[in-house]
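K.L.:
After the C-alpha cells below, expect a handful of questions from me.
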Amino acid sequence: MSSLKVELVSPEKRVWSGEATQISARTLDGDLGILPGHTPLLGVLVDGLVSIKGVDGTISEFNVHGGFLSVAKDRVSILGESTD
C-alpha cells in the first residue's frame, strides 16, 4: 500500500510529521481530499480542520488558521500560519 510523506508545520514548531494514507483540508477552492498518487498542486488554506489519517489508521485533527498546502510526488507540506 502506498502512502504520503506529510509535514504539518507552523512558524513556531513542527506539528505533525510522518506517513499517511489520506489528508483532508479546506482551501479557498473548497474542501480537498488527498490520497497517494494525487496530482501536484499548491493551495491556499482557509481557517478550518486539517485531518491526517496515519498509516496505522489513527486520525489526527488540527485547527489551522490560514497557510498553504503543497502536494508533489506523494509528499505533502502543510504550512499553517497558526495551529491549535
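The values are calculated or read from the model by the stated rules, or taken from the named source; none is laboratory data. On a predicted model such as this, the values are computed, not experimentally measured, just so you know. Cβ placement follows ideal geometry from the backbone for every residue including glycine, while neighbour counts extend to all protein chains displayed.
K.L.:
Working carefully through the options L28, L32, L41, L8, find the one that is at pLDDT 95 or above, under 14 Å from I78 (Cβ atoms), out of contact with any Asp or Glu (no Cβ under 8 Å at 6 or more places or on another chain) and loosely packed, with under 15 Cβ neighbours inside 10 Å. Full working, then the answer.
P.N.:
Values: L28 fails: under 14 Å from I78 (Cβ atoms); L32 fails: loosely packed, with under 15 Cβ neighbours inside 10 Å; L8 fails: loosely packed, with under 15 Cβ neighbours inside 10 Å.
Every option except L41 fails the conditions.
Results for (1) free of Cβ contacts under 8 Å to residues at least 24 places away in the same chain; (2) assigned to a strand (DSSP E or B); (3) in contact with a Leu (Cβ under 9 Å, 6 or more places away or on another chain), shown as yes or no for each residue.
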residue	(1), (2), (3)
L8	no, yes, yes
S17	yes, yes, yes
I23	no, yes, yes
G37	no, no, no
I52	no, yes, yes
F68	no, yes, yes
V71	no, yes, yes
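K.L.:
Against the condition hydrophobic (A, V, I, L, M, F, W, C) and crowded, with 16+ Cβ neighbours inside 10 Å, how does V55 come out, does it pass?
P.N.:
Details: hydrophobic (A, V, I, L, M, F, W, C): yes; crowded, with 16+ Cβ neighbours inside 10 Å: no.
In short, no.
K.L.:
Within region 40-67, how many residues turn out to be under 12 Å from D84 (Cα atoms) and touching a Lys or Arg at 6+ places or on another chain (Cβ under 6 Å)?
P.N.:
Count: 1.
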